[in-house]
Each structure stands twice: as structure tokens, then as C-alpha cells.
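Colleague: First the structure, then my questions, so here it is.
Where a number appears in this text, it was derived from the coordinates with a stated rule and is not lab data. Since this is a predicted model, take the numbers as computed values, not measurements. Positions of Cβ are backbone-derived with ideal geometry, glycine not excepted, and every protein chain shown enters the neighbour counts.
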Amino acid sequence: GLGTARVFNVGGGPGELAELAQVVHNLVAGGGTIIDTATSYGRSEEVVGDLVEKAELRKRVFLATKLEAPDKEELAGSLGRLRTRQVDLLFLHNVSDSKESLAPFRGWKAEGVCRYMGVTSTFHGDFGAVEAVLKREKPDFIEIDYSLDNREAEKRLLPLAAEMKAGVLVAIPFGRGRLFRAVRGKPLPEWAKEFDAGSWAQFFLKFILGNEAVTAAIPATSNPKHMADNARAMHGRLPDAAQRKRMIALMDSL
């Protein structure tokens with residue numbers, strides 16, 4: 001998938017939009033479908049809606065967006081910016097209250113405004129609230145941060161999501177750039193070929209996708225070449241449990 005935080009919040013100049021249009025093209029051409037955005041991402045929803053409409057890709061992409069509150073006006077604005085009557089996935093963003101009700105989202109799902117609904121958080125102090133809401137409200141999806149050097153979600157959230165049969169979108173899969181800084185100037189290990197990783201980006205993404213609880217990773221990028229490279233992580237073999245342990249040991253040694 002493709003995340004849009006910050007990188008799609010652009011002024012709408014032709015050069016910027018052309019680059020982002022190529023990013024969306026490379027996502028779909030590489031076999032990806034998910035575009036993840038939010039009402040809080042500046043102009044990102046508007047840019048996504050414009051690019052998807054112009055490329056006539058609405059039926060080929062899975063649109064996910066996030067509301068800051070279960071607010072009808074916020075929802076209407078989101079749908080308008082995305083130029084669609086229905087999103088595939090509607091999240092309540094940054095859940096921090098363990099008693100949060102998802103009743104409005106279930107209502108919108110029943111009305112056909114969204115196909116699926118869920119909750120998000122990348123604040124580890126709120127993971128307890130996400131866990132409580134996941135158990136009680138049984139959302140279709142959660143979105144959390146998870147990466148090779150940030151494995152907090154493995155402790156409880158990923159096993160619980162699997163138990164509850166909730167899909168998982170993984171944000172910040174490159175650890176806000178930490179992973180690339182850690183391996184700068186270092187060659188990809190020869191054994192990465194065992195699971196068809198041809199770049200460090202694919203190495204990091206395949207670690208995430210190798211966890212059976214994960215549905216998709218959604219790295220954000222405005223670079224078409226990076227999007228094409230990321231998409232290749234979906235193809236070929238994924239690392240097994242032993243290989244994933246080896247990946248962790250490598251990262252922990254750096």
C-alpha cells in the first residue's frame with residue numbers, strides 16, 4: 001500500500017502532481033491497491049481524490065481514510081475531497097479512550113458509506129486503549145506502527161488482531177527513516193536472496209509482511225522509484241520465522 005501523510009500534502013503545482021500521479025501509477029502497476037490518508041493530513045485527501053479520479057482508478061484502489069471524531073460534517077468533507085460516495089475503510093484516528101464507541105462507524109458501514117471500519121494509533125501509550133476497543137468493539141481493521149526496529153505491537157496487538165480476525169495496516173514501516181540510516185553504506189546480506197529481497201526497502205517490508213497477522217504495509221512516499229521498489233516486496237517469497245529472527249539479530253547488531 002501507500003501512505004500519504006506529509007508527502008501528499010502539496011500545493012497542487014503541475015510538477016508535484018505529476019510526480020505523485022506516477023507514484024499512484026507505480027503502486028497499481030506493481031500490484032498494490034491500498035491508498036491510506038486522513039482528514040488531518042492537510043491537502044492529502046484532495047490530492048488523492050484528484051489523482052485517482054483523473055487516472056480513472058477508483059475501482060482499482062482501496063481507499064482508506066481517517067476521521068478525528070465520529071462527526072458527520074467531517075465525514076462529508078472527507079468524501080467530497082476524495083470524490084467518492086464510499087470509502088473502502090473508515091478509521092477513527094488516534095484512539096486514546098479505552099471506552100470509545102464505534103457505533104457511528106458501524107452505522108455508516110450499514111448505510112454503505114464504508115465497506116470496513118477501524119481504529120488507529122501510533123502512540124504506544126494508547127496501545128492499551130486500542131486493545132480494549134479491539135476486544136469490545138471488534139473493528140474490521142486496526143492501523144498501528146511496526147517496523148524491524150520497533151516491535152512493540154508484537155507483544156499484544158498483533159496476536160489479538162489475529163485472534164479477533166481484524167486486518168492490520170502497518171504505518172511507519174521504515175521507522176521514520178531510522179532503518180535506512182542504520183544500514184547506510186552497508187551491502188544487503190547475501191541471505192536476503194532466500195526470500196527474494198532485492199533492496200533494503202524490500203528487506204524491511206518483507207519482515208513486516210512475513211508476520212501472518214499483518215494485512216499490508218503502507219509506507220509513505222512521493223518518489224515514484226521508491227514506490228516501484230516498495231511494491232516489489234509483495235512479490236516472491238517472504239521470510240519464515242527463522243529468517244525473521246535472523247533479520248532482527250542483524251538490526252539489533254547495528
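Colleague: Report the gain in length on full extension from A29 to H226: 0.36 nm times residue separation, minus Cα-Cα distance, nm rounded to one decimal.
Modeller: Numbers: separation 197, 0.36 × 197 = 70.92 nm, distance 1.33 nm.
This chain segment gains 69.6 nm when fully extended.
Colleague: Right, here's the next one. Any idea how far apart A162 and K99 come out in nm if each label point goes 7 Å out from Cα toward Cβ?
Modeller: It is 3.3 nm.
Colleague: Additional query: If you average the sequence gap of Cα pairs under 8 Å that are 6 or more apart and divide by the length of the range 206-254, what percent do you get for the contact order?
Modeller: On the way: 20 pairs, mean separation 24.1, N = 49.
Taking the mean separation of contacting Cα pairs over the length of the range 206-254, I get 49 percent.
Colleague: Given only helices, namely DSSP H runs of n ≥ 4 each adding -39500 (n - 2.57), what is the per-residue ellipticity at 222 nm of the chain, to the nearest 500 deg cm²/dmol? Walk me through the intermediate numbers first.
Modeller: Working: 10 runs with 103 residues, N = 254.
Value at 222 nm, helices only: -12000 deg cm²/dmol.
Colleague: Given (i) 49, 42, 37; (ii) 47, 47, 34; (iii) 52, 45, 26, which label gives Cα extents along the principal axes in Å as computed from the coordinates?
Modeller: Here the calculated entry is (iii).
Colleague: Roughly how many debye, to the nearest 20, is the charge dipole of the chain about its Cα centre, given +1 on each Lys and Arg Cβ, -1 on each Asp and Glu Cβ, and no other charges?
Modeller: Working: 35 positive and 33 negative charges, 100 e Å.
Taking the Cα centre of the chain as origin, the dipole is about 480 debye.
Colleague: Suppose R0 equals 30 Å. What FRET efficiency, 1/(1 + (r/R0)^6) with r the Cβ-Cβ distance, do E68 and R178 give to the nearest 0.05?
Modeller: Working: r = 27 Å, r/R0 = 0.90.
Calculated value: 0.65.
Colleague: May I ask which residue of A241, F207, F91 lies farthest towards the positive end of the charge dipole of the chain, with charges of +1 (Lys, Arg) and -1 (Asp, Glu) on Cβ and the Cα centre as origin?
Modeller: A241
Colleague: Separate question: Student exercise: in the range 94-189, how many lysine pairs 8 or more apart or on different chains have Cα atoms under 16 Å apart? The partial results should precede the final answer.
Modeller: Numbers: K99/K135; K99/K138; K109/K138; K135/K155; K135/K165; K138/K165.
Lysine pairs meeting the criterion: 6.
Colleague: Another one. Using the beta-carbon distance between K138 and D240 and R0 = 30 Å, what value does 1/(1 + (r/R0)^6) give for FRET efficiency, to the nearest 0.05? It would help to have the intermediate numbers written out before the result.
Modeller: Numbers: r = 30 Å, r/R0 = 1.01.
With a Förster radius of 30 Å, E is 0.50.
Colleague: Within the chain, which DSSP H helices have Cα atoms that stretch 20 Å or more along the helix axis and a mean Kyte-Doolittle hydropathy of at least 0.0? Each step should come with its number before you reach the end.
Modeller: Working: long enough: 14-29 (22 Å, 0.64).
The answer, listed by residue number, is 14-29.
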